[in-house]
Amino acid sequence: MSNTATVASGNDGGGSSTASVTINCAAIRILKQSTKLVNGVHPLVTNPGALFSVTGTASFTVRDNNNPGGAGTKSDESATAGEVCVSGLTPGNYTVNETTPPSGYGGASQTNVVAVAATGTDCGANKPSAANSAVFTNVPLGEITAGYHDLGSGETSATSITCAPSGGSNLTAQPEASDDDIPNNGGGSYNQDSTFNVTAGSTYVCTLVVDP
C-alpha cells in the first residue's frame, strides 16, 4: 500500500512548483501453528489470545484476535485465529517474540523471528507471504492422572505416585483436589491420585508404590 500527496508552492513573483511525496506502507504477518501434523500440515492454532512483542522501525505489542490496550499496542487486523496482521508500518524487517502463548498450549521455542514488511503489503488482499511471515509453533498441553483406590479393607495406600516422560525426570504433580487422599465416605477406603501436566507427542511412565 502506498499513499501519495502532491505539495504545491509559490512565491510573489508568480513562480510555482509542485512535488509528489509517496509514502510506502507495509504490513507484517505472524502465524501460530500447532506442533501436531494433520495430513502433513501444521494447522493454525485456533485458540486466540497469544501476545507478541514486535521491534523494528516501530515497536509495539499485539494480541491474536484482540487489542491488548494501552500505550504501545496495536490491533490484530486479521479475523483468523492463529494469524496476526498489522498494517500501516514502514517497510523493513521486524523482530517478533511470543510473550504469552494461547491457552491450552506451551510456549513457542522460536525466539527473535524476523517478519518482513514488504512495500505494498497490507492485511487485505495483499497479505505478506508465508515466507515473509514470523512463524511460531506451540505444543498442545494435556494432563494425565494416575491413581490408586483401596477396595474396602482400609489397610492399603499408595506411598508414592510419580510420572515422568520416558527417559526423563519426574514431573511435578498439580495441587490436589479437596477430595484426594481422604477416607471414602467414611468407610476406610482411600482414593489417591496425582495429576501431571504433559505435552502431546511424548510417552509417559507412571510408577505407583503400594504399601499394604
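Coordinate-derived values only; no laboratory data. Treat the numbers as computed from the prediction; the structure is a model and nothing was measured. Positions of Cβ are backbone-derived with ideal geometry, glycine not excepted, and every protein chain shown enters the neighbour counts.
At a glance:
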{"quantity": "Label point at Asn66 placed 7 Å out along Cα→Cβ; residues across the stretch 101-131 whose backbone nitrogen lies under 20 Å", "calculated": "101-108"}
{"quantity": "Protection-proxy order for peptides 192-204, 46-58, each taking the mean of Cβ atoms within 10 Å per residue, highest first", "calculated": "46-58, 192-204"}
{"quantity": "Two-site FRET efficiency, Ala118 against Ala200, from Cβ-Cβ distance with R₀ of 22 Å, rounded to 0.05", "calculated": "0.05"}
{"quantity": "In sequence order, calculated HN-Hα J values of the stretch 36-47 (Karplus, 6.51, -1.76, 1.60; Hz; x Gly/Pro)", "calculated": "5, 10, 10, 6, x, 10, 7, x, 5, 6, 8, 7"}
{"quantity": "14 Å beta-carbon shell around Thr100, net charge (K/R +1, D/E -1)", "calculated": "-1"}
{"quantity": "Derived scalar couplings ³J(HN,Hα) [the stretch 121-137; Karplus, 6.51 cos²θ - 1.76 cosθ + 1.60; whole Hz; x for Gly, Pro]", "calculated": "7, 8, 9, x, 6, 10, 5, x, 5, 4, 5, 9, 8, 8, 10, 10, 10"}
